[in-house]
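Report on the following structure.
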Amino acid sequence: QVQLVESGGGLVQPGGSLRLSCACSGLTFRYYAMTWYRQTPGKEREVVATITIGGSTTYADSVKARFTISRDNAKNTVYLQMNSLKAEDTAVYYCNAKAGPLDFWGQGTQVTVSS
């Protein structure tokens, strides 16, 4: 079965850093574009960052220059390095894998930025 397991979330102070991981199994990872989304109860789900099968990356304007998405095909894992965190980054972060008609989601991991 396909499984996306996220980890690395937690509580961090403003200005701090976190690194999220999404470990994938049950799929041919290198054929999937990977995206990090986030959602907070008062806002719509938004795309945070995407990395293609070729390694090209795109970022939401709100996280550009602060976040970095990367992938390790040997480990079937996508990462989101989050630096200079702000309170408005507080959200549940979701990992998504997409290849043509195939579309899979992780359960999400909570990131809370607070003093």
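Of all residues in region 66-75, those satisfying the criterion of being surrounded by fewer than 19 Cβ atoms within 10 Å (Cβ to Cβ) and under 20 Å from Leu11 (Cα atoms) are Arg66, Thr68.
State all residues of region 1-33 that are polar (S, T, N, Q), within 21 Å of Val92 (Cα to Cα) and part of a strand (DSSP E or B); if no residue qualifies, say none.
As a first pass, look at region 1-33 and keep what is polar (S, T, N, Q): 1, 3, 7, 13, 17, 21, 25, 28.
From what is left, the residues that are within 21 Å of Val92 (Cα to Cα) are 3, 7, 13, 17, 21.
Scanning region 1-33 gives Gln3, Ser7, Ser21.
Residue-by-condition table, conditions (1) open to solvent by 50 Å² or more (accessible area, probe 1.4 Å); (2) touching a strand residue (DSSP E or B) at 6+ places or on another chain (Cβ under 8 Å); (3) touching a residue at least 12 places away in the same chain (Cβ under 8 Å):
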{"site": "Thr50", "(1), (2), (3)": "no, yes, yes"}
{"site": "Thr58", "(1), (2), (3)": "yes, yes, no"}
{"site": "Lys64", "(1), (2), (3)": "yes, no, no"}
{"site": "Thr77", "(1), (2), (3)": "no, yes, yes"}
{"site": "Ala87", "(1), (2), (3)": "yes, yes, yes"}
{"site": "Tyr93", "(1), (2), (3)": "no, yes, yes"}
{"site": "Asp103", "(1), (2), (3)": "yes, yes, no"}
{"site": "Val111", "(1), (2), (3)": "no, yes, yes"}
{"site": "Ser114", "(1), (2), (3)": "yes, yes, yes"}
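Checked against (1) surrounded by 14 or more Cβ atoms within 10 Å (Cβ to Cβ); (2) modelled with pLDDT under 95, Pro41 meets all criteria but (1). Scanning region 1-28 for residues that are open to solvent by less than 40 Å² (accessible area, probe 1.4 Å), more than 21 Å from Leu85 (Cβ to Cβ) and within 15 Å of the chain's Cα centre (by Cα) returns Leu4, Cys24.
The values are calculated or read from the model by the stated rules, or taken from the named source; none is laboratory data. Every value quoted in this text rests on a predicted model; they were computed, and no experiment measured them. We place every Cβ from the backbone using ideal geometry, glycine too, and count neighbours over all the protein chains shown. Note: areas computed on protein heavy atoms with side chains; ligands, DNA, RNA excluded. Shrake-Rupley method; radii C 1.70, N 1.55, O 1.52, S 1.80 Å.
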